Amino acid sequence: MTRRGIRRWYLVHKWTSLICTAFMLMLCVSGLPLIFEHELDHLLGYEAPLETVAPGTPAPSLDSIIAEVRASRPGEVMQYLYFEEDRPIVTAATAASVESPPEEVHLQPVDLRTGAFLPVRPLRIGIIDFFYTMHESMFVGLYGTFFLGAMGVLLLLAIVSGIVVYAPFMRRLDFGTIRRGRSKRLRWLDIHNLTGIAITVWLVVVGATGVFNTLDAPLAAQWRAGQLAEMTAPYRDAPPLRRLGSVDAAVATARRASPDMDVSLIMFPGTYFAPPHHYNVFMRGRTPVTSRLIKPTLVDAETAALTDTRDMPLHIRALFLSRPLHFGDYGGLPLKIVWALLDILAIVVLASGIYLWLGRRGAALDRRVEELVAGGTMPEPEPAR
């Protein structure tokens, strides 16, 4: 590669790295505890303990659970029911109206085996929720989410340009060389380069899935205006809903339509993901991968008749799969440990990049390019001033 080409790629790597590094460092630090979110919830006592139930104890119906929840929250309406995947718990969400925002929703966990109410955990409390909000939006809502997505794009550019710059640098050095007999800063440069190259694939995966996850809200709105609107087109001019029918009957209809899937979420009529005349019963698969995918099933809220059920569009399914991949939540605790170790290495790369930039900020660009072209014959770095 010519000096001009290296110069251009070096500038790309330098500025994309400088702009995004601080934010990526924050994401790596805040993302580390989120890898073990479920384990920490259990350790910190955020998960409601379950009592032992005698075999043969009759389980209550969903309709009776809903009636109990509504009786405990007079004047409120149901928004949705969420079913945990690994525990027999359903969380009933109630609010003043079906259009109430999430921060005004009351969440009541209920034991599906007995109908007993479990301790309520308010939204956004505890250290895990603190780190989650920081990681998702830096506490500034959707604008913060989109900003972090832009930083993720810069990270991907920094990775690509770093690979291009690293190639001529290693022309005369064996892969993995760390020059211990030279200055401390030169050793850190070798560590920075080696660690960055070693975790490149992981950085690309986590960076790309992170960018994709920031598109959650616009993709959800696009699906709602597209596929969901198509599924409910026959009801466009239907009269208003007169009454809500049985949720148990709606679930039975959804299970007949997808017998190899389980219920994940039930949205009530008029909520964001359910049209005014339907329960939207989202089904999920039973394998580690398909359990991350949900399939909408529209059931007439009065008659419990099936209206339509379809697989989500490909890009929405890709979004569902990217969420757990971002945090290594596919292979149980062993994969989470691997993800955590790689996250720590990413922190080393980012922190060493800041250290190296601060130490060499006065060096001329032409000199740095010459060092890269020389590939492995770099002189001792000048001390920071």
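State yes or no: is PHE117 modelled with pLDDT of 80 or more, under 29 Å from VAL90 (Cβ atoms) and buried (at least 18 other Cβ atoms within 10 Å of the Cβ)?
When the stated conditions are applied, PHE117 does not pass them.
Looking at region 44-56, is at least one residue in a helix (DSSP H, G or I) and either β-branched (Val, Ile, Thr) or under 30 Å from SER161 (Cα atoms) (or both)?
There is no residue in region 44-56 that is in a helix (DSSP H, G or I) and either β-branched (Val, Ile, Thr) or under 30 Å from SER161 (Cα atoms) (or both).
Yes/no per residue for (1) more than 18 Å from VAL289 (Cβ to Cβ); (2) in a helix (DSSP H, G or I); (3) of a type outside the set (A, V, I, L, M, F, W, C):
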site	(1), (2), (3)
LEU319	no, yes, no
PRO324	no, yes, yes
ASP329	no, no, yes
ILE337	yes, yes, no
ALA340	yes, yes, no
LEU345	yes, yes, no
VAL349	yes, yes, no
ILE354	yes, yes, no
TRP357	yes, yes, no
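With respect to the numbered conditions (1) charged (D, E, K, R); (2) assigned to a loop (DSSP other than H, G, I, E, B); (3) farther than 30 Å from ALA208 by Cα, which one is the sole condition not fulfilled by ARG70?
Single failed check for ARG70: (2).
With the structure loaded, tell me whether ILE6 is touching a helix residue (DSSP H, G or I) at 6+ places or on another chain (Cβ under 9 Å) and within 18 Å of TYR330 (Cα to Cα) or whether it fails that test. Give the steps one after another, and end with the answer.
On the way: touching a helix residue (DSSP H, G or I) at 6+ places or on another chain (Cβ under 9 Å): yes; within 18 Å of TYR330 (Cα to Cα): no.
Judged against the criteria, ILE6 is not a match.
Considering only region 40-49, I want to know if a residue exists there that is touching a residue at least 60 places away in the same chain (Cβ under 8 Å), under 19 Å from LEU244 (Cβ atoms) and out of contact with any Asp or Glu (no Cβ under 6 Å at 6 or more places or on another chain).
no
The rows are residues; the columns are (1) touching a helix residue (DSSP H, G or I) at 6+ places or on another chain (Cβ under 9 Å); (2) free of Cβ contacts under 8 Å to residues at least 40 places away in the same chain; (3) under 29 Å from MET261 (Cα atoms).
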position: LEU25; (1), (2), (3): yes, no, no
position: THR52; (1), (2), (3): no, yes, yes
position: PRO55; (1), (2), (3): no, yes, yes
position: ILE89; (1), (2), (3): no, no, yes
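Are any residues in region 242-295 in a loop (DSSP other than H, G, I, E, B) and small (Gly, Ala, Ser), and if so, which ones? Show your work before the answer.
Kept after step one, since they are in a loop (DSSP other than H, G, I, E, B), are these residues of region 242-295: 242-246, 258-261, 268-277, 285-289, 293.
Matches in region 242-295: GLY245, SER246, SER258, GLY270, ALA274, GLY285.
Out of everything in region 198-216 that is among the hydroxyl-bearing types (Ser, Thr, Tyr) and assigned to a helix (DSSP H, G or I), what residue ends up being farthest from the chain's Cα centre (by Cα)?
THR200
The values are calculated or read from the model by the stated rules, or taken from the named source; none is laboratory data. If you're wondering where the values come from, they're calculated on a predicted model, not measured in any experiment. Positions of Cβ are generated from backbone atoms using ideal geometry, with glycine treated the same way; all protein chains shown enter the neighbour counts.
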